[in-house]
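Accompanying notes for the structure given below.
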Amino acid sequence: MSKVIQLEQISKRYYQGKREIDAVKNVTLDVQKGEIFGIIGYSGAGKSTLIRCVNFLEQPTSGSVRINGIELEGLKRAELRAVRRRIGMIFQNFNLLSSINVFDNVAAPLQLVKTPKEAITKKVRELLDLVGLTDKEESFPHQLSGGQKQRVAIARALASDPEILLCDEATSALDPQTTESILDLLLEINRKYKITIMLITHEMHVIKKICDRVAVMENGEVVEQGTVMDIISAPQQPITKNFIKSIFDVTLPSVLLNKLENDKRPGKILRISFVGENAADPILADLATQFTLRPTILYGNITQIKETIFGCLIIGVTGEASAIEAGIDYLTQQQLRIEVIEHAE
Amino acid sequence: MLNNFIDSFSEYGDLYVQSIRETGAMVGISLVISTIIGLLLGVVLVVTRRNNLYENPIVYQILNVTINILRSLPFIVLMVAIIPLTKLIVGGTIGVKGAIVPLVVYTAPYIARLMESALLEVDKGVIEAYQAMGATRNQIITRVLLRESRPGVVLGITIATIGLIGASAMAGVVGAGGLGDVAIRYGYQRWEPAVMVTCIVFLVLIVQAVQSLGTVLAKRLRRR
Ligand SMILES: Nc1ncnc2c1ncn2[C@@H]1O[C@H](COP(=O)(O)OP(=O)(O)O)[C@@H](O)[C@H]1O
Ligand SMILES: [Mg+2]
């Protein structure tokens, strides 16, 4: 797979009077062709600064940005514009021109390069059809809802047939329902046109729903990155765990914890994470019949990560110590991730 | 009293028509020239700022200071001070022609400031969106800045026009005529209150009309 975006050791320093602000520190990451890559972090983490470095809206203080292998540093203005035309971008505040109607907003990138009128009309109609706004051609942005505005912005971003779409908090100004529909649209665009998407967000839900890979940013640095499945099933950093908690709580409720603390019976508490098909296997029954253990379900949670089912089950098992060990081995062989929870998580 | 007005009208009717024409000519011509210059300077003031399209501190500072200096002079002082310049440009200092140069020098910097603030109102995000789609700097000026700022520009020009009407009244001093001139010569120097009041009424009506027109136009352009 080819790397469409390559960021190497990107740093961005701002000066505010005498004060130095290191908005982005040594970030290295690649985005593969056709994937949806998410960057998550709290406000002020440096996400916007980083994504703006990708199309050189912001020039990094140091480091290298390559788009399809082309180094952006040192490009002439015209060359940079040519690269930018291959990269669409959408924003939290839509950034449409309020003085022109929907049609002209979508047509803007084509008008900039003097595309023939008929070609523009054809393309704009096609895009408005894609985003479901055929009847809004003549409307002005102020007559549209937030979701509709973002659809117009998406159509505009796609007008020049870009290979890459950058999304800076594209759903953060929208209500949950509208967010869902915009995310569905982004997913459709990604599949239909094979457009590589790089998005930034502060919502884990966005990552879980459409991203393939994710990087977690904190104080200007990428502290963790990997496939969304890996990050959700085995988060390493405290901040990542926090984000995951917001969509998928795998910690035991405190009431239950207290009860277990006082339970003197011999046994262990296990957290079993399962992915995809494994979700259907009768593992608890196997533990009982093959290892004569007594599993008790304490807590469970199941969710969908993009197309894959991901679940987590916390069980207590009682029985002989050796049988418990054998049981854990067995579970591990079933491609399940097992963690033994010592008390007080 | 009413009779006075009727008399005044029948006596000076032609004078009023004539003076309104003169005011119209002075204001109209100066406004067109000042708007062109002012809009241009306003754009330069905005794009040469720090972190802007054509960042250039030297050009910005020179323009900024020059505009401030011109803006600190009252019209009557400015008019006299630039007599040599007026002579140079139009070959004389008398009549409507002689009034236009000082009116432009007075109004253009004012419009430049008004345009500057209208242009600064344009959403940075929209400019950024156009940069991201590969627009040239000049395309951003014409397609984003000048388009998005239209309501503010219209309001600014409205304000400037009203200021210009006021200044034009003083241009009577150089024999440019106009309503202000009639008010001074007949209303004050010859002490004919009816003429004075009539001139005031005309000025008020004209200013009202200009303001209403500007407000309506700006409202139409503002699509928010
Ligand atoms: N133009 C700028 N000048 C100075 N500081 C900035 C500028 N842009 C961003 N910053 C600072 O850089 C940090 C990261 O900002 P940003 O990239 O917008 O974060 P995020 O998008 O993750 O909320 C913040 O501390 C912010 O105040
Ligand atoms: Mg941001």
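The values are calculated or read from the model by the stated rules, or taken from the named source; none is laboratory data. Since this is a predicted model, take the numbers as computed values, not measurements. Cβ: placed from backbone, ideal geometry, glycine included. Neighbour counts: every protein chain shown. When the accessible area is computed, the model is the full protein with side chains, heavy atoms only, and any ligands, DNA or RNA have been set aside. Shrake-Rupley method; radii C 1.70, N 1.55, O 1.52, S 1.80 Å.
Before moving on, here are some points about what is shown:
- The ellipsoid equivalent to the alpha-carbon distribution of region A:1-41 has semi-axes of 28, 10, 6 angstrom, derived from the gyration tensor eigenvalues as √(5λ) and listed largest first.
- Calculated over region A:3-245, the projected area of the Cα convex hull averaged across directions stands at 13.7 nm².
- Inter-label distance, nm, simple model (7 Å from Cα along the C-beta direction), A:K114/B:I29: 3.8
- Listed by number, the DSSP H helices of chain B that run 15 Å or longer by alpha-carbon position along their axis and have mean Kyte hydropathy of at least -1.0 are B:2-47, B:57-71, B:95-120, B:150-170, B:193-221.
- One way to sum up the overall shape of region A:29-104 is the equivalent ellipsoid from its Cα gyration tensor, whose semi-axes run 22, 19, 14 Å, largest first.
- Backbone amide hydrogens, once placed in the peptide plane, bring A:F91 within less than 5 Å of A:D168, excluding anything fewer than 5 places away on its chain.
- C-alpha long axis of helix A:102-112 to longest principal axis of chain A, angle in °: 70
- Computed over the alpha-carbon atoms, region A:110-269 gives an Rg to Rh ratio of 1.15, Rh here being the Kirkwood radius from the mean inverse distance.
- P(r) tail, region B:121-204: Cα-Cα pairs separated by more than 17 Å, 63% of all pairs.
- Where B:V43, B:V77 fall by accessible area, highest first, once all protein chains stay in place (1.4 Å): B:V77, B:V43
- P(r) weight above 23 Å for region A:254-343, C-alpha pairs, percent: 23
- Accessible area per residue was computed with a 1.4 Å probe on protein heavy atoms; A:H205 scores about 70 Å².
- Working from Cα pairs under 8 Å separated by at least six residues, relative contact order for region B:2-221 is 27 percent.
- Relative contact order of chain A, pairs being alpha-carbon contacts under 8 Å that are 6 or more residues apart, as %: 17
- Ellipsoid semi-axes in whole angstrom, largest first, where each is sqrt(5λ) of the Cα gyration tensor of region A:203-250: 15, 12, 10
- Rg followed by Dmax, in Å, when the protein assembly as shown is reduced to its Cα trace: 34.9, 123
- Qualifying trypsin sites (Lys or Arg not before Pro) in region B:37-140, where qualification requires a DSSP coil assignment and no more than 13 other C-beta atoms within 10 Å, comprise B:R50.
- Solvent exposure, largest accessible area first (probe 1.4 Å, DNA, RNA and ligands not counted), of A:F140, A:F243: A:F140, A:F243
- Only lysines eight or more places from B:K87 in sequence, or on another chain, were considered; those with a Cα closer than 21 Å are B:K97.
- Helix-only CD estimate at 222 nm, as mean residue ellipticity for chain B, using -39500 (n - 2.57) per DSSP H run (n ≥ 4): -25000 deg cm²/dmol
- Note on chain B: the alpha carbon radius of gyration divided by the globular reference 2.2 N^0.38 Å gives 1.20.
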